[in-house]
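Chemist: My structure is below; once you've seen it, I'll send some questions.
Throughout, read-outs are computed from the coordinates displayed, never taken from laboratory work. It should be emphasised that the depicted structure is a prediction, and the values quoted were computed from it without experimental measurement.
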């Protein structure tokens with residue numbers, strides 16, 4: 001049985017691997033492959049964020065934003081600022097800038113993911129149940 005926590009944690013690990021792969025390609029100065037890999041990361045994390053904000057947050061909030069979802073929404077906004085910056089650095093073939101920004105993103109993602117996994121997903125699972133977990137898993141990978 002898939003749980004919301006398991007589906008999202010697996011997606012976190014997949015996204016971390018995509019970002020790590022992009023970093024390795026930047027280090028190797030394989031710019032076309034780095035750009036493609038970062039685009040895969042960006043598309044995946046944007047889908048991930050969309051599912052959280054459109055499905056999980058409303059289920060947990062029950063009609064009104066709560067401190068937890070406010071903090072997580074801010075984290076999403078903060079992360080999105082980095083996306084264009086990394087893409088620009090890759091286009092400029094600026095290895096040190098791209099790696100510096102990715103390092104900052106990784107630190108933010110680590111804290112953000114831990115908070116989601118410890119606090120958001122258990123409450124969302126309780127509210128959405130098994131059927132919700134299955135549809136969320138499909139939305140993340142679809």
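Chemist: Need the C-alpha centroid separation for segment 1-70 versus segment 75-103, integer Å.
Modeler: 15
Chemist: Right, something else. Note down the relative contact order for segment 4-141 as a percent, whole number, built from C-alpha pairs under 8 angstrom at least six residues apart. Mind showing how you got there, number by number?
Modeler: Details: 108 pairs, mean separation 54.7, N = 138.
It comes to 40 percent, rounded to a whole number.
Chemist: What does the helix-only formula give at 222 nm for the chain: each DSSP H stretch with n ≥ 4 adding -39500 (n - 2.57), the total divided by the residues, and the result rounded to the nearest 500 deg cm²/dmol?
Modeler: Details: 6 runs with 117 residues, N = 142.
The per-residue figure over the chain is -28500 deg cm²/dmol.
Chemist: Given (1) 42, 30, 30; (2) 44, 32, 27; (3) 46, 30, 20 as candidate values of Cα extents along the principal axes in Å, which corresponds to the one derived from the coordinates?
Modeler: Of the labelled values, this structure produces (3).
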